[in-house]
1. How much length would be gained if the chain were fully extended between Val235 and Phe74, taking 0.36 nm per residue of separation minus their Cα-Cα distance, in nm to one decimal?
2. Of the cross-linked pairs Lys121/Lys193; Lys76/Lys207; Lys103/Lys207; Lys6/Lys193; Lys124/Lys201; Lys153/Lys201, which ones have a Cα-Cα span greater than 32 Å in the structure shown?
3. What order do you get for Ser44, Ser208 when you list them from fewest to most C-beta neighbours inside 10 Å?
4. Compute the length gained on full extension between Glu95 and Ser208: take 0.36 nm times their separation in residues and subtract their Cα-Cα distance, giving the result in nm to one decimal.
5. For Tyr149, Tyr170, Tyr122, which order do you get if you count the other beta carbons within 10 Å of each Cβ and list the fewest first?
6. Among Ile197, Ile220, Ile150, rank each residue by its count of other Cβ atoms within 10 Å, from fewest to most, as a rough exposure measure.
7. Which is farthest toward the positive dipole end of region 1-144 among Ile66, Val96, Val32, measuring Cα position about the Cα centre, with Cβ charges +1 (Lys, Arg) and -1 (Asp, Glu)?
8. Tell me the label-point distance for the pair His102, Asn185, using the 7 Å Cα-to-Cβ offset, in nm and rounded to one decimal.
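Since every read-out is calculated from the coordinates, none of them should be taken as a lab result. Worth saying up front: this structure is predicted, and the values here are computed from it rather than measured. In this analysis, Cβ positions are derived from the backbone assuming ideal geometry, glycine residues included, and neighbour counts consider all displayed protein chains.
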Amino acid sequence: MDLNNKVIVVTGAGGGMGKAIVSQLLELGAYVIGIDLSTDSLQSIQHPNLHTHAASVLDEEQIAEIFFQVHKDFGKIDGLVNAIGIAQAATPIEEVTLSQWHKLMDINATSLFISCKEAVKYMKPNRQGSIVIIASISAVRPRPGLQSYIASKGAAESFSRAMAIELAPYSIRVNTINPGPADTNMLGQFAAKDADISTVKEEVFRKSVPLGELIEPEDIANAVTYLLSDRAKIVTGATLNVDGGRGL
Ligand SMILES: NC(=O)c1ccc[n+]([C@@H]2O[C@H](COP(=O)([O-])OP(=O)(O)OC[C@H]3O[C@@H](n4cnc5c(N)ncnc54)[C@H](O)[C@@H]3O)[C@@H](O)[C@H]2O)c1
């Protein structure tokens, strides 16, 4: 698979999946612009084609400036991968505050509106582009206590499909990946307040996957690079479950 000279922006680039995605894109020859609140984890990747920005994707002005600069430097933006997100600790709805709900919706859904809006500004005139949104299999196979996170991921998937139909006339493809439980820092954050994290990971998450394994960040990166590449040139509005069968 060849992503040679493609210019690709990754949000949440410093996270577990984000870092695996960045590494694979660089291996395949892309220029990568990684945005995250903290880009510290990316420092171990020494690559001339990697550019990082420590920024919040909710900061509309700063994000607009970063996309403007990327376009100025490279003359195009080929791809956008949204690997940004936060978890919700399993909590009954009556104990969830409105501000916790808003925070989940802001980071998991509103951030997509902000980054996609900026990317599309530069993709539309070129009449090409590929956008990948990481949602979650929990959007279609929910778990108790995660109502706010799941609602934000449902919004992400619906937004992705809405963008796919709106942008198809411009040959911009938009697809969703629904990961199952993945072996990153986030996984333990879904545990209820008093729960033992390693027990939850093993008993609740790993055992819920029919293939019997947690999803590796590289599994998600494999799907992302496929959807960004020309091998997926006729794929848009699709949701790819990378979940070991958890959605079955
Ligand atoms: N890990 C799982 O089990 C799992 C399962 C299904 C879906 N997902 C989804 O996959 C995506 C990646 O998750 P991950 O497991 O790599 O988690 P992670 O916590 O390792 O990475 C998420 C990244 O998003 C960044 N981020 C959060 N708020 C931000 C903001 N305002 N601006 C910029 N960056 C911000 C964080 O700093 C972090 O680096 C998320 O959308 C997550 O919801 C994860």
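1. Taking Val235 through Phe74 to full extension adds about 55.4 nm, to one decimal.
2. Correct reply: Lys121/Lys193; Lys76/Lys207; Lys6/Lys193; Lys124/Lys201.
3. The order, fewest Cβ neighbours first, is Ser44, Ser208.
4. Contour length minus the Cα-Cα distance gives 38.1 nm.
5. By the 10 Å Cβ count, ascending, the order reads Tyr170, Tyr122, Tyr149.
6. Starting with the residue having the fewest Cβ neighbours, the order is Ile197, Ile150, Ile220.
7. Positive-most Cα among the choices belongs to Val32.
8. 2.5
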